[in-house]
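The values are calculated or read from the model by the stated rules, or taken from the named source; none is laboratory data. Because the structure is a prediction, the values reported are computed rather than measured. Every residue, glycine as well, gets a Cβ built from its backbone with ideal geometry; the counts of neighbours run over all protein chains shown. Only protein heavy atoms, including side chains, enter the accessible area calculation; ligands, DNA and RNA are left aside. Shrake-Rupley method; radii C 1.70, N 1.55, O 1.52, S 1.80 Å.
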Amino acid sequence: MAGIAVRCPRVEVARWVGTWAGGLALEPPVTLTLDITVGAPPADLDDRPPWHQPDLELRAGPPHGDVRVRWLRQPALGVIGAGATTARVLLSEGALAEPDLCARSFLTAVVVLLLRRAGWHHVHAATAVDPGGRAWLIAGDTGAGKSTTAALLAQRGWRVGGDDLSFLTSSGDGVHAVAARAPIRLRPGGLRLLGRAADPAADGKPGFFPEELGGAWVQRIRPDLIALPILGDGPTTAVPLPPRDVLSELVRWSAWVALEPDLAQSHLDLLARLAGQASGYRLMLGTDLFRPGDRLMELVP
Amino acid sequence: MSPRFRRHADLRLTELAGEGIVLHLGSRRYFSVSGTGLAILEALIEPRSMDELVEMLTARYEVDAARARASAGEFLERCRAAGVVLDEPAA
């Protein structure tokens, strides 16, 4: 069975990264490898224009064809050659001193880029299956309400994949979304809405797996519905969107689509197929979502 | 020699519900175009003259040459203004 393999001469580093990567429970169709060396990354002489994500700097495209990810918080560098299924990763001692952040930010970005080589394309989306068996992809930016909605749905007994780290892949019956196994991280406002107390000892946003919220985990779905949430002041509403508008939003929330020219076409084709396959809705999220009953099921019968 | 045109190398095209969807990788700008516009942009992966585009359109759609020329000319002007289609330098 394919997965994400980890190599590193430092046994404790190999064990830590291996445990983290294995915990994502991702099984791409080909084995992908993180080949890790501990040491200081070299100075960056890459003159390709940088592209920024929080705490990350990425460079890709011609003339080199590879993609380079640099962590800005601590020295760390990932390099993946064009078409390669192995990422060469340099981790400094400083990066190793912050393993949780290093994994959630830097190593996750490297894995996202590796998975593109296996035909799995990232989208910022939560995934869920409602009690009627319909599969939902809930796509949007940080702060759009994906995590709180995913947690609420798990609390209501829906099967939930995750709150953000999802991968689109082509299958015989359409486009599927595969969720990485990762806790749903909630801000204080989301915790309050869900009636949960924050653990004062917790570092950052506390995380919950769907099972801990009363739901079940589902890894792979074939989306029937695409919900594009934004936070509103009034009642929750769901407005149908034409496929073109859905695709426009999917492109926005697929940050990596334009990063590597050689992979952009297959990524865009996948998003277009998904937009044609599923019914899209603009969800305006209101606090009535948290009242008894299942407002989403009422709005999208 | 008549001028030739080609599409920007940063463009990626796809089709959705009969429309063309155009993504400009460099700017991350996103456009939708008609099915005819998509056919023109697909053809412009290689440099083409207006005569060649008209020939392609009349072969593919039920349209006369004059109308195809007017339609393609208008579309090309909009694409050139948006930087999506470039003038190919004469050899």
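Descriptive notes on the structure:
- Calculated diffusion of the protein assembly as shown, Stokes-Einstein form, Kirkwood radius summed over Cα pairs, 10 °C and 1.306 mPa s, µm²/s: 70
- Each eigenvalue of the Cα gyration tensor of segment A:17-86, multiplied by 5 and square-rooted, gives one semi-axis; in descending order these are 22, 16, 12 Å.
- The gain in end-to-end length when the A:V38 to A:H64 segment is fully stretched comes to 6.9 nm, 0.36 nm per residue minus the alpha carbon separation.
- Against the rule of thumb 2.2 N^0.38 Å, how large the Cα Rg of segment B:4-82 comes out: 1.05
- A:H52 sits with roughly 100 Å² accessible to a 1.4 Å probe, with DNA, RNA and ligands left out of the calculation.
- Between B and A, roughly 1400 Å² of accessible area is buried in total, ligands, DNA and RNA not counted and the probe set to 1.4 Å.
- Under-5 Å amide H pairs with B:R4, H placed in peptide plane, nonlocal only: B:E88
- Whole-percent carbon and sulfur share, accessible surface of segment B:4-82, 1.4 Å: 47
- Label-to-label distance, nm, for residues given as A:R10 and A:E27 (7 Å Cα→Cβ offset): 3.2
- Relative contact order for segment A:1-104, counting Cα pairs under 8 Å that sit 6 or more residues apart, in percent: 24
- For segment A:96-103, backbone phi angles converted through the Karplus equation (6.51, -1.76, 1.60; θ = phi - 60°) give residue-by-residue couplings of 5, 6, 10, x, 5, 5, 4, 5 Hz, Gly and Pro being listed as x.
- Placing a label point 7 Å from the Cα of A:H52 along the Cα-to-Cβ direction, the residues of segment B:24-44 with a backbone N closer than 20 Å are B:26-29.
- Rough spin-label spacing in nm, given labels placed 7 Å along Cα→Cβ, for B:A90 and A:D173: 6.0
- Rough spin-label spacing in nm, given labels placed 7 Å along Cα→Cβ, for A:D233 and A:L45: 5.6
- Label reach from A:D100 (point 7 Å along Cα→C-beta): in segment A:164-194, amide nitrogens under 13 Å belong to A:183, A:185-186.
- Note, ³J(HN,Hα) from phi for segment A:234-250, Karplus 6.51, -1.76, 1.60, rounded to Hz, x at Gly and Pro: x, x, 5, 10, 10, 10, x, 10, x, x, 4, 5, 5, 4, 4, 5, 4
- Cα pair distances of segment A:158-301 binned at 5 Å [whole percent]: 2, 8, 15, 18, 21, 17, 11, 6, 2, 0
- Fraction of antiparallel bridges per DSSP, the protein assembly as shown only, in percent to nearest 5: 75
- Amide H to amide H distances under 5 Å link A:H122 with A:L168, where only residues 5 or more positions off or on other chains count and H is placed in the peptide plane.
- Under Karplus coefficients 6.51, -1.76 and 1.60, residue-wise ³J(HN,Hα) of segment A:150-167 in Hz, glycine/proline x: 4, 5, 4, 5, 5, 5, 8, x, 5, 7, 10, x, x, 10, 7, 8, 10, 10
- Residue-averaged [θ]222 nm for the protein assembly as shown, counting only DSSP H segments that reach four residues, each worth -39500 (n - 2.57): -8500 deg cm²/dmol
- 1.4 Å probe, heavy atoms, protein only - residues of segment A:255-298 losing at least 50 Å² accessible area vs chain alone: A:A258, A:Q265, A:L268
- Whether segment A:96-191 is rounded, prolate or oblate, judged on the alpha carbon gyration tensor where a/c under 1.5 counts as rounded: oblate
- Take each residue in B:21-28, count the other chain C-beta atoms within 10 Å of its C-beta, and the mean is 5.
- Rounded to 5, percent antiparallel among DSSP beta bridges of segment A:1-132: 65
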